[in-house]
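Structure first, then comments.
The values are calculated or read from the model by the stated rules, or taken from the named source; none is laboratory data. Quick caveat: nothing in here was measured; it's all calculated off a predicted structure. Here the Cβ is made from the backbone with ideal geometry for all residues, glycine too, and neighbour counts use every protein chain on show. In case anyone asks, the SASA skips ligands and DNA or RNA and just uses the protein heavy atoms, side chains included. Shrake-Rupley method; radii C 1.70, N 1.55, O 1.52, S 1.80 Å.
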Amino acid sequence: MTPATIIPIAPAASTRQQKREAPKGRVVDPAALDEVRSLLGEHSRAHDMLIEHLHRVQDRYGHLSTRHLAALAQEMGLAQTEVYEVASFYHHFDIVKEGAAAPAALTVRVCDSLACEMAGARDLLARLPGLLGKGVRVIGAPCIGRCEQAPAVAVGQNPVPHATCETVLAKVKAGATRHQPEPYIDLAAYQAQGGYRLLKRCIAGELDVEVVISTLEDSGLRGLGGAGFPAGRKWRIVRNEAAPRLLAVNIDEGEPGTFKDRVYLERDPHRFIEGMLIAAWAAGIARIYVYLRDEYHGCRAMLEAELAKLRAHPPYAGMPEITLRRGAGAYICGEESAMIESIEGKRGMPRLRPPYVAQVGLFGRPTLEHNFETLHWVREILEKGGSWFASHGRNGRKGLRSFSVSGRVKSPGVKLAPAGITMRELIAEHCDGMLDGHTFYAYLPGGASGGILPASLADIPLDFDTLQPYGCFIGSAAVMVLSDKDSAAGAARNLMRFFEHESCGQCTPCRNGTAKASLLIAKPKWDVALLADLSAVMRDASICGLGQAAPNPVDCVIKYFPQELA
């Protein structure tokens, strides 16, 4: 049939079938549209800016009303459902439906992850609502990246270390809801210490790309976000892909027990930035995206200021554009492809692989993805040589590791130690021993997902590939120490609640598996056979590492702490 023979169908008389005068969905309030346009100003309306714009609206009004969501959808040319599904995915966005009451003007988040729970978070959650009154919302929150300061609380955007009811109340009364950056090495101080000279040598051709990549390979530097993929090999793989190529930097750091990236960033941001720009030069990167977790408000303010200085006085002509993106409270976005989805303005759901992000990553382009700390080491390794980094190590291992240590030790914090150090050595040499009155009982070598081991296995070298025979892994080297005042089963319950809360919901084994496991282990007597079946399904069928690793704490309790289940 040719177009000329198509017979038009006359419109039906029914009102339902008449042509709509406006798109299906909520009618946009003109006043809300004006407010949204004013907030967005000259910023791009491209899809990948959706999460950034949701933050702008919430920062201004304290929540996301349905009228503003509808207006934002129209302004960005998106379906209202598309905006709503993204806003509702992330924990830090407060959606208020029409007719519902807005949340309190101030929210106090009490971290209830394992280190903070051991330090008294439950007591804070029980007492603070009564002390602060109805004008303040008090909620439990997953790890906020300050485990060495447990119990940690956030008053608005201002963290309160080693929080007590009194210190939190004082912050609230003072209106201290914004986090000011800690003292740090700024651009001028960094350059005075020789900063960016190495980068300029690379750009000038004094250092060859092949020499730089080979030096990284000789050092044995591996990805320090958890996966442990060799950094030099990753640069080589991405460099061989078709241009344009992109770089995505992961500073989401949502693994309970992990805070090393924050500590290094707070002190010396340009060391990381120089390493990032060297990586961009070596891999032929056209543009850089830095994804920073929302809880690190002080770091974000500092990084925005330092990047502005760098753009005003770039170390070389043609420096790639660096875009800072803000997370919105989703542990899953620590997974590289989920982070990429979030940078693109979508829900942070992991992608199926292949293809891998090195081939098809951010905006469909080959993407070099790196953890913050990996790039932090680039300058020092290139200046001192790959053999310098590899010369450190114990028990046959090579390199240095930044351990985030929390729990029942006298001196928690980031501990730079040789790869392969044992847990017993780490506590004695770097943490000043256990807290008075506490006996070493158990430890988590790799954060929430890395499993739990008894003190009797504290002489295993801590490094990549050494813990797998025991059903554990080092991940991002987030070490949490338990004493005889704690129980491994109690720790597993806390961790499984976290996984249940943070599952993105995309795949059934993880979505339903974490919820089912949490219910099963909440009982005094565990159904070990059923938990074993559930663990096998989650490991074999989950899309990403969250569901695959979530059973680790439970499996370890069953294997190493049977006395707690008797």
Check: Can you pull out the residues in the stretch 214-235 that are of a type in the set (Gly, Ala, Ser) and either more than 21 Å from Leu362 (Cβ to Cβ) or part of a helix (DSSP H, G or I) (or both)?
Finding: Ser214, Ser219, Gly220, Gly228, Ala231, Gly232
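Residue by residue, here is whether (1) touching a residue at least 40 places away in the same chain (Cβ under 8 Å); (2) of a type in the set (A, V, I, L, M); (3) in contact with a Lys or Arg (Cβ under 9 Å, 6 or more places away or on another chain) holds:
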residue: Ile139; (1), (2), (3): no, yes, yes
residue: Cys143; (1), (2), (3): yes, no, no
residue: Val168; (1), (2), (3): yes, yes, no
residue: Lys171; (1), (2), (3): no, no, no
residue: Ile185; (1), (2), (3): yes, yes, yes
residue: Thr215; (1), (2), (3): yes, no, no
Checklist line | Qualifying residues in the stretch 90-102 (those that are open to solvent by 50 Å² or more (accessible area, probe 1.4 Å) and touching a residue at least 40 places away in the same chain (Cβ under 8 Å)) - the one nearest to Leu64 (Cα to Cα) | finding: Ala102
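Residues are listed down the side, and each one gets a yes or a no for (1) modelled with pLDDT of 95 or more; (2) in a helix (DSSP H, G or I); (3) open to solvent by 20 Å² or more (accessible area, probe 1.4 Å); (4) not acidic (Asp, Glu):
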| position | (1), (2), (3), (4) |
| --- | --- |
| Ile237 | yes, yes, yes, yes |
| Leu247 | yes, no, no, yes |
| Asn250 | yes, no, no, yes |
| Gly254 | no, no, no, yes |
| Glu266 | yes, yes, yes, no |
| Ile278 | yes, yes, no, yes |
| Glu306 | yes, yes, no, no |
Check: In the stretch 168-187, what residues are assigned to a helix (DSSP H, G or I), surrounded by fewer than 16 Cβ atoms within 10 Å (Cβ to Cβ) and of a type in the set (A, V, I, L, M, F, W, C)?
Finding: Ala170, Ala174
Notebook entry, point to check: Is it true that some residue in the stretch 337-359 is without any contact (Cβ under 8 Å) to a residue 60 or more places away in the chain and on the phi > 0 side of the Ramachandran plot?
Noted result: no
Next item on the list: Determine which single condition Gly450 fails, assuming it passes every other condition in (1) in contact with a strand residue (DSSP E or B) (Cβ under 7 Å, 6 or more places away or on another chain); (2) surrounded by fewer than 20 Cβ atoms within 10 Å (Cβ to Cβ); (3) part of a loop (DSSP other than H, G, I, E, B).
Entry: (2)
Check: In this structure, is Pro553 in a helix (DSSP H, G or I), under 19 Å from Ala455 (Cβ atoms) and open to solvent by less than 70 Å² (accessible area, probe 1.4 Å)?
Finding: yes
Check: Can you find even one residue in the stretch 432-439 that is farther than 16 Å from Tyr560 by Cβ and crowded, with 24+ Cβ neighbours inside 10 Å?
Finding: no
Notebook entry, point to check: Tell me, which strands (runs of 3 or more DSSP E) wholly within the stretch 317-418 include 1 or more residues that are among the hydroxyl-bearing types (Ser, Thr, Tyr)?
Noted result: 321-326, 367-371, 400-407
Notebook entry, point to check: Does Phe498 satisfy the criteria of being open to solvent by 10 Å² or more (accessible area, probe 1.4 Å), modelled with pLDDT of 95 or more, closer than 23 Å to Val414 by Cβ and under 23 Å from the mean Cα position of the chain (by Cα)?
Noted result: yes
Notebook entry, point to check: Given Leu50, Leu124, Leu72, which one is in contact with a helix residue (DSSP H, G or I) (Cβ under 8 Å, 6 or more places away or on another chain), within 30 Å of Lys485 (Cβ to Cβ) and in a helix (DSSP H, G or I)?
Noted result: Leu124
Check: Do we have Pro151 as open to solvent by less than 20 Å² (accessible area, probe 1.4 Å) and at pLDDT 95 or above here?
Finding: yes
Notebook entry, point to check: In the stretch 536-550, what residues are open to solvent by less than 50 Å² (accessible area, probe 1.4 Å) and in a helix (DSSP H, G or I)?
Noted result: Ala536, Met538, Gly545, Leu546, Gly547, Ala549
Checklist line | Only one of Arg26, Arg37, Arg20, Arg16 that is part of a helix (DSSP H, G or I), open to solvent by 60 Å² or more (accessible area, probe 1.4 Å) and modelled with pLDDT under 95 | finding: Arg16
Checklist line | Unique match (being farther than 18 Å from Arg539 by Cα and in contact with a Ser or Thr (Cβ under 6 Å, 6 or more places away or on another chain)) among Met480, Met496 | finding: Met480
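Results for (1) among the aliphatic types (A, V, I, L, M); (2) more than 28 Å from the chain's Cα centre (by Cα), shown as yes or no for each residue.
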residue	(1), (2)
Lys173	no, yes
Ala176	yes, no
His179	no, no
Asp186	no, no
Tyr196	no, no
Arg201	no, yes
Margin query: With the structure loaded, tell me whether Tyr443 is closer than 22 Å to Gln563 by Cβ, touching a strand residue (DSSP E or B) at 6+ places or on another chain (Cβ under 7 Å) and open to solvent by 10 Å² or more (accessible area, probe 1.4 Å) or whether it fails that test.
Written below: no
Margin query: Testing Arg497 on (1) out of contact with any Leu (no Cβ under 7 Å at 6 or more places or on another chain); (2) farther than 24 Å from Cys333 by Cβ; (3) not in a loop (DSSP other than H, G, I, E, B), one condition comes back false. Which one is that?
Written below: (2)
Checklist line | Test for Thr422: is it hydroxyl-bearing (Ser, Thr, Tyr) and touching a residue at least 60 places away in the same chain (Cβ under 8 Å) | finding: no
Check: Which of the following residues is at pLDDT 95 or above and either within 28 Å of Ser65 (Cβ to Cβ) or touching a Gly at 6+ places or on another chain (Cβ under 6 Å) (or both): Ala105, Ala126, Ala121, Ala87?
Finding: Ala87
Item checked: Output for the stretch 199-213, where each listed residue is farther than 30 Å from Glu253 by Cα and either without any contact (Cβ under 8 Å) to a residue 24 or more places away in the chain or among the β-branched types (Val, Ile, Thr) (or both) -> Arg201, Ile203, Ala204, Gly205, Glu206, Asp208, Glu210, Val211
Notebook entry, point to check: Across the stretch 311-346, which residue is least open to solvent (accessible area, probe 1.4 Å) among those that are over 16 Å from Phe89 (Cα atoms) and among the acidic types (Asp, Glu)?
Noted result: Glu336
